[in-house]
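Peer 1: Have a look at this one before I ask anything.
What follows is calculated from the coordinates using simple rules that are stated; it is not laboratory data. These numbers come from a predicted model, not from an experiment. In this analysis, Cβ positions are derived from the backbone assuming ideal geometry, glycine residues included, and neighbour counts consider all displayed protein chains.
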């Protein structure tokens, strides 16, 4: 029998009934994030997860309402409901800290959309407050379940590349209107905080905490403008269960720019015996933007033309090249893990240590930008 969760909160559930019940969710925010990037992922897991309430101070009618969900502009209907296990905060990041405090002090578990909060100090205070109230706070790191990232892990774990030298993770766009439309610098809106939070979390979750790092973070349009470019390099001198590091070490680079008219490959891995390249990124976000939802069997899936290429030498110099079928991604697996944590007492997918490590790295990377 599973142990009773540490994060049941106000809800008194008998231990023998834990496995039979759903995780009941409320959303703080009714914008694009909630309606495009969260709720559709629950379409395949309604047996385990139920959305009960969506709160926003101004609900509006931009988004179609989901059947069976209570929409309210009264925050007490969200925070005062003893049936709700966890509140997912999907508001702009500059108000995450204040809202998270409000949710925690109401005795609710809370999940914060990226980029968590704008500072290490605020993150530390929220974790301390959550410990005090006996609830969970966690960052929403759904991109751990991107298809390209999962495929990279499979290739590395196969051992065909041998000892690893270098990994490049690219998140490129050509969206000049974004930085051109910003006339000031704000940490919470910077490219590092809004985007690097994903690949940095991926890096930490798979490779662990780096032994050293070097950051090249720029404001291509000049000082006092948006941060629109980053090249974050992380160095490892030791391997792990799934990978071995070359004697000279491994460098993992996380790179992105808003001014890349042609994207670089999503992932490139170089090893002592070969390389793996995956050109295209995970397709889930692209499908969601087109409202092609997870109720379609081919949602988020690659075609053979999208598969990565593994090239390596074996047995005294014999050359081999193969197409690697993409591992199916599913960002909704974050909610499966959340269910296991809150209902069945499993350890959080995104640990406090990982979140604080990420926050320190992001803050260090942007230190000095104005």
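Peer 1: By DSSP, what percent of the beta bridges with both residues in segment 147-328 are antiparallel, rounded to the nearest 5? Spell out each step's value before the answer.
Peer 2: On the way: 36 of 42 bridges.
Roughly 85 percent of the beta bridges in segment 147-328 run antiparallel, per DSSP.
Peer 1: Along the Cα→Cβ direction, 7 angstrom out, place labels at residue 223 and residue 65. What is the inter-label distance in nm?
Peer 2: 5.2 nm
Peer 1: Okay, moving on. Please list 283-290, 324-331 highest first by mean number of surrounding beta-carbon atoms within 10 Å per residue.
Peer 2: Details: 283-290: 16.8, 324-331: 19.9.
Packing proxy ranking, top to bottom: 324-331, 283-290.
Peer 1: Among rounded, prolate and oblate, which fits the chain when a ≥ b ≥ c are the square roots of the eigenvalues of its C-alpha gyration tensor, a/c under 1.5 means rounded, and a/b larger than b/c means prolate?
Peer 2: On the way: a/c = 1.66, a/b = 1.41, b/c = 1.17.
In terms of gyration-tensor shape, prolate.
Peer 1: Still on this model: Can you give the helix-only mean residue ellipticity at 222 nm for the chain, where every DSSP H stretch with n ≥ 4 adds -39500 (n - 2.57) and the sum goes over all residues, rounded to the nearest 500 deg cm²/dmol?
Peer 2: -7000 deg cm²/dmol
Peer 1: Among 121-128, 253-260, how do they line up from the highest to the lowest mean number of other beta-carbon atoms within 10 Å? Please list the in-between numbers first.
Peer 2: Details: 121-128: 16.5, 253-260: 20.0.
Packing order, densest peptide first, comes out as 253-260, 121-128.
Peer 1: State the percent of C-alpha pairs, over all pairs in segment 217-370, separated by a distance greater than 21 angstrom.
Peer 2: Working: 7961 of 11781 pairs.
Considering segment 217-370, 68 percent of its Cα-Cα pairs are separated by more than 21 Å.
Peer 1: While we're looking at this one, here's another question. With r as the distance between the Cβ atoms of residue 370 and residue 325 and R0 = 45 Å, compute the FRET efficiency 1/(1 + (r/R0)^6) and round to 0.05. Intermediate results must be reported in sequence, preceding the final value.
Peer 2: On the way: r = 47 Å, r/R0 = 1.04.
Here the calculated transfer efficiency is 0.45.
Peer 1: Over segment 147-328, calculate the relative contact order: mean separation of alpha carbon pairs under 8 Å at least 6 apart, over the residue count, as a percent.
Peer 2: Working: 362 pairs, mean separation 53.2, N = 182.
Result for segment 147-328 is 29 percent.
Peer 1: Where does each of 234-244, 137-147 land if you order them by average Cβ count within 10 Å, highest first? Walk me through the numbers on the way to the answer.
Peer 2: Numbers: 234-244: 15.1, 137-147: 24.5.
Descending mean neighbour count gives 137-147, 234-244.
Peer 1: Hey, another quick one. Can you tell me how much longer the chain between residue 77 and residue 291 gets when fully stretched, taken as 0.36 nm per residue apart minus their C-alpha distance, in nm with one decimal?
Peer 2: Answer, rounded to one decimal: 74.1 nm.
Peer 1: Going by Cα centres, segment 27-86 and segment 336-354 are how many Å apart?
Peer 2: What the calculation gives is 21 Å, centre to centre.
Peer 1: Quick one: of the DSSP bridges fully inside the chain, what percent are antiparallel, nearest 5? Could the numbers behind the result be given before it?
Peer 2: Details: 36 of 62 bridges.
If we restrict to bridges inside the chain, about 60 percent are antiparallel.
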